[in-house]
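J.: If you scroll down you'll find the structure; I have some questions about it.
The values are calculated or read from the model by the stated rules, or taken from the named source; none is laboratory data. No experiment lies behind these values; they were computed from the predicted model shown. Here the Cβ is made from the backbone with ideal geometry for all residues, glycine too, and neighbour counts use every protein chain on show. For the accessible areas, the whole protein counts, side chains as well, though only heavy atoms, and no ligand, DNA or RNA atoms are used. Shrake-Rupley method; radii C 1.70, N 1.55, O 1.52, S 1.80 Å.
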Amino acid sequence: MPTIIKLENINKTYYNGSPLHVLKGIDLEIHEGEFVSIMGASGSGKSTLLNILGILDNYDTGEYYLNNVLIKNLSETRAAYFRNKLIGFVFQSFNLISFKNALENVALPLYYQKTGRKTRNKIALEYLDRLGLKEWAYHMPNELSGGQKQRVAIARALISKPQIILADEPTGALDSKTSVEVLDLLKKVNETGMTMIIVTHESGIANQTNKIIRLKDGIIESIDDNSEHNFSSFGFQNIK
Amino acid sequence: MISLLYEILNTIRRNKMRTFLTGFAVAWGIFMLIVLLGSGNGLKNGFASNFGDRLMNVVQIWGGRTNIPYAGFQSGRRIALDEKDLQFTSAEFDKYVNLIAGNINFGTKTLSYGTEYLSSNLQGVSPNRIIIDGLKITQGNGRFINDLDIREKRKVIVISQRAKDILFNSETAIGKNVNFDGIIYTVVGVYYIEDRQDAVGSYIPLSTSQTIYNRGIKISNFAFTLNENIYDKATNDEFMNSYRKRIAQVHQVSPEDDNAIWYGNRFESYLQMANISKFINIAVWIIGIFTLLSGIVGVSNIMLITVRERTREFGIRKSIGASPFSILKLVIVESIFITTIFGYIGLVCGVGITEFASQFFEPSSAGRNSFNAFLNPTVDINVAVQATLLLIIAGTLAGFFPALKAVQIKTIEALNNK
Ligand SMILES: Nc1ncnc2c1ncn2[C@@H]1O[C@H](COP(=O)(O)OP(=O)(O)OP(=O)(O)O)[C@@H](O)[C@H]1O
Ligand SMILES: [Mg+2]
């Protein structure tokens, strides 16, 4: 499979108050269609890394190639274009627009692709239907449960047919049962060929993914193949 | 663009409170401004109306009786004006004098038609009297005394609207013969004076009156208008001094004799009124500017808060592909949309209320001594529209700068904005 994401020696420092060197030389390669999780202690830089991958944030040194395009010092307009075309986000806090109903939230990426209103609402309804939310299409976010909100957010991430889904603790705000449902959903999405990168704390979640990246203090501690899904919170079980 | 409008309408519909607050600030600012300007205009018009349509720059001269013996004459001598006074005035003071008109006043006698009658003052006048006295003759109501009347000494008369109503009721008066103190005149015109509907004076040609009443070249009084060379108190005083000296010399009276020749100079009262108007104007503009400023500040504040509140929304929009420009456009068009609609509402309400109020301040018809303190408190629609546009622009700028700032916030920071 061709490489879709390539990081070379990425460094990132936050300069609020005393400088905080968060990413200290990240090298990473992710191929099309991979299902990857990023784990690590709180403050290890998982979100920072994911935000850089999603061009929501910039990095200081190193090189980031997305689809073989160098993503560096992009104008906001260019960045927005890439996000719209290539990337779908799923956030822990859902990030739905509160005054728009489920359908309008899902349809919004298509608005920025200049799709007509009728068409985009029709497509959005299809996506909501696929995620079992057809009856909730005209409900406002505050009328939805956490799991429903996250499914709306997933529908919104999918609607522009991106190549990559970036999910930052997508189940962080959900109960265990809903977490499983949401993860199954993401898994199915991945099976359609979409690259999927999930930041998570939960080993149960990570174990569903095919590759686990461990971050520690801003460097990649390990990258482990998990296609056998035999990962436990205590490390890999040694079956050999 | 249609898509953008849909997006904005949706936002407005779902954020009614915010929309209302912004809109109210705009509508209220415009409304207050118009009511204020209207009130100012009402005061100004009230003052102005007390001078009516009579020309502001008119000097009237009457003959009196001497108080001071002079040039061998005893005191108590009657000073009679005549047409020679008109001649020297227009010849020697042509630098300042525009129109000049002599006038014979025959006092108040009975004017009748058939069985209807009333008491009316009669004056012999020249054609330009219509300007000096500020008379109006509408279409279909005939004409004023003209040069032909003067030349041919016609027995024609111009009566007031009120006299016409009494004598003729709804019949036409033009062409009918009326009787003034035993002499028959043909009505050629019906005049009215804007704020004096009760005026009943009648006018006949000066030449006719001189013949009929055997007055020779004598006149009761005369009036002339001053041109733009008299523009303030100093030029007016200077002119009046030299004019008094000259007319005293012509009639051989002491220049110190205040009783020999009487003057009425409306320019002085005009100047007073102009000063009052100027003062009201300045006051209204100062208050108006502050009203407008407070409106602008109000709108700016709301826009500032609105944009700050929407930072996270903007972050979400950017994360799914909105360019900074598209967000800026969203804010600006929404701001223009709201301020325009509510500005228009404020405009309509303001103009509506000033028009409504002006009904209650009809010019009083209580007679010559009536006084209008407040009249026609309406606003020049251009000023109102300009003020509305100004507020729209201000509202837009007020939205633009915070929006520009909000858009420049990094997407991730906007997303994490709580
Ligand atoms: N905008 C910011 N400005 C300054 N410091 C920041 C900023 N964002 C994150 N940090 C700091 O950078 C470090 C890494 O943050 P990051 O959010 O990437 O951690 P994380 O691995 O996602 O943690 P968690 O599991 O708690 O979400 C933390 O110490 C955090 O406090
Ligand atoms: Mg995090």
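J.: Where in segment B:1-32 does accessible area fall by at least 20 Å² between the isolated chain and the complete protein assembly, at a 1.4 Å probe radius?
T.: With the partner chains in place, segment B:1-32 has these residues losing at least 20 Å²: B:Ser3, B:Tyr6, B:Glu7, B:Asn10, B:Arg14, B:Asn15.
J.: Can you tally the net charge around A:Asp184? Count Lys and Arg as +1, Asp and Glu as -1, for every other residue whose Cβ sits under 14 Å from the Cβ of A:Asp184.
T.: Net local charge, A:Asp184 excluded: +3.
J.: Let me ask something else about it. Express the C-alpha Rg of segment B:266-361 as a ratio against the empirical globular expectation 2.2 N^0.38 Å, rounded to two decimals.
T.: 1.77
J.: In the protein assembly as shown, with Lys and Arg counted as +1 and Asp and Glu as -1 at Cβ, which of these residues, B:Ala199, B:Trp262, B:Val188, has the Cα nearest the positive end of the dipole, that is, farthest along it?
T.: Comparing the listed Cα positions along the dipole, B:Val188 ranks first.
J.: Which one, A:Ala107, B:Ile157, B:Val383, is farthest towards the positive end of the dipole of the protein assembly as shown when Lys and Arg carry +1 and Asp and Glu -1 on their Cβ?
T.: Positive-end residue among those listed: B:Ile157.
J.: Can you give me the long-range amide H partners of B:Val156? Hydrogens built in the peptide plane at 1.01 Å from N, cutoff under 5 Å, separation of 5 or more residues or another chain.
T.: Hits under the 5 Å cutoff: B:Thr186.
J.: Moving on. Within 10 Å of each Cβ of B:312-319, how many other protein chain Cβ atoms are there on average?
T.: The mean count of partner-chain Cβ atoms within 10 Å per residue comes to 6.
J.: Hey, what D do you get for chain A in µm²/s if you plug the Kirkwood alpha-carbon radius into Stokes-Einstein at 10 °C and 1.306 mPa s?
T.: For these conditions, the coefficient is 86 µm²/s.
J.: Other chains' Cβ within 10 Å of B:320-333 residues: what's the mean?
T.: Details: counts 20, 17, 9, 9, 5, 3, 4, 2, 0, 0, 0, 0, 0, 0.
Average per residue, whole number: 5.
J.: Lysines near B:Lys176 by alpha-carbon distance under 26 Å, same-chain residues fewer than 8 away left out - which ones?
T.: Qualifying lysines at Cα under 26 Å: B:Lys109, B:Lys136, B:Lys153, B:Lys155, B:Lys164.
J.: I've got another one for you. For A:Asn9 and A:Leu74, what is the calculated FRET efficiency with R₀ set at 25 Å and r taken between the beta-carbons, to the nearest 0.05?
T.: Numbers: r = 19 Å, r/R0 = 0.75.
Using R0 = 25 Å, I get an efficiency of 0.85.
J.: What translational D, rounded to a whole number of µm²/s, comes out for segment B:196-277 from Stokes-Einstein when the hydrodynamic radius is the Kirkwood one over Cα pairs, at 10 °C and 1.306 mPa s?
T.: Calculated translational D: 100 µm²/s.
J.: For segment B:213-225, what does the Karplus curve 6.51 cos²θ - 1.76 cosθ + 1.60, with θ = phi - 60°, yield as ³J(HN,Hα) per residue in whole Hz, taken in order and with x for Gly and Pro?
T.: 9, 6, 9, x, 9, 6, 10, 7, 7, 8, 9, 9, 9
J.: Ranked from the most accessible area to the least, with a 1.4 Å probe and all protein chains present, what is the order of B:Glu256, A:Glu169?
T.: Ranked from most to least accessible, the order is B:Glu256, A:Glu169.
J.: Related question: Any lysines with Cα under 22 Å of the A:Lys149 Cα? List them, leaving off those in the same chain fewer than 8 positions away.
T.: Hits, sequence-local ones excluded: A:Lys100, A:Lys122, A:Lys134, A:Lys161, A:Lys177, A:Lys187, A:Lys188, B:Lys318, B:Lys418.
J.: So for segment B:80-250, averaging the separation of alpha carbon pairs under 8 Å that are six or more residues apart and normalising by length, what relative contact order in percent results?
T.: Relative contact order here is 32 percent.
J.: Accessible area per residue, 1.4 Å probe, Å², for chain A: what's the number?
T.: Here the residues of chain A average 46 Å² of exposed surface.
J.: Arrange the peptides B:327-339, A:13-25 so that the one whose residues have, on average, the most other Cβ atoms within 10 Å appears first.
T.: B:327-339, A:13-25
J.: Pop out a list of residues from segment A:50-81 that are at least 40 Å² less accessible with all the protein chains around than in their chain alone; 1.4 Å probe, no ligands or nucleic acids counted.
T.: A:Leu56, A:Glu76, A:Ala80
J.: Provide a whole-number value for the mean count of partner chain Cβ atoms within 10 Å of the Cβ atoms in peptide A:99-108.
T.: 3
J.: Taking every Cα atom in chain B, find the radius of gyration and the maximum pairwise distance Dmax, and write them in Å.
T.: Final numbers for Rg and Dmax: 32.8, 108 Å.
J.: Rg and Dmax of the protein assembly as shown, Cα atoms, in Å?
T.: Considering the protein assembly as shown through its Cα atoms, Rg and Dmax are 44.6, 151 Å.
J.: Contact order normalised by length for chain B, with contacts defined as Cα pairs under 8 Å and 6 or more residues apart; what percent is it?
T.: 29 percent
J.: In square angstrom and rounded to 100, what buried accessible area do you get between chains B and A, total over both, with the probe at 1.4 Å?
T.: Chains B and A together bury roughly 2400 Å² of accessible area.
J.: Another one. Please compute, over every Cα-Cα pair in segment A:128-240, the percentage with a separation greater than 24 angstrom.
T.: Tail fraction, whole percent: 31.
J.: Return one whole number: the accessible area per residue of segment B:202-323 in Å², for a 1.4 Å probe.
T.: 48 Å²
J.: Along its principal axes, what span do the Cα atoms of segment B:80-250 show, with the longest given first and each in whole Å?
T.: The Cα atoms of segment B:80-250 stretch 52, 34, 26 Å along their principal axes.
J.: Roughly how big is segment B:80-250's charge dipole about its Cα centre, with Cβ charges of +1 (Lys, Arg) and -1 (Asp, Glu), in debye to the nearest 20?
T.: The dipole magnitude comes to about 420 debye.
J.: So, with a 1.4 angstrom probe, what is the percent of accessible area on the protein assembly as shown that is carbon and sulfur?
T.: Answer for the protein assembly as shown: carbon and sulfur cover 55 percent of the accessible area.
J.: Please compute one quarter of the surface area of the Cα convex hull for segment A:106-156 and express it in square nanometres.
T.: Orientation-averaged projected area of the Cα hull: 3.2 nm².
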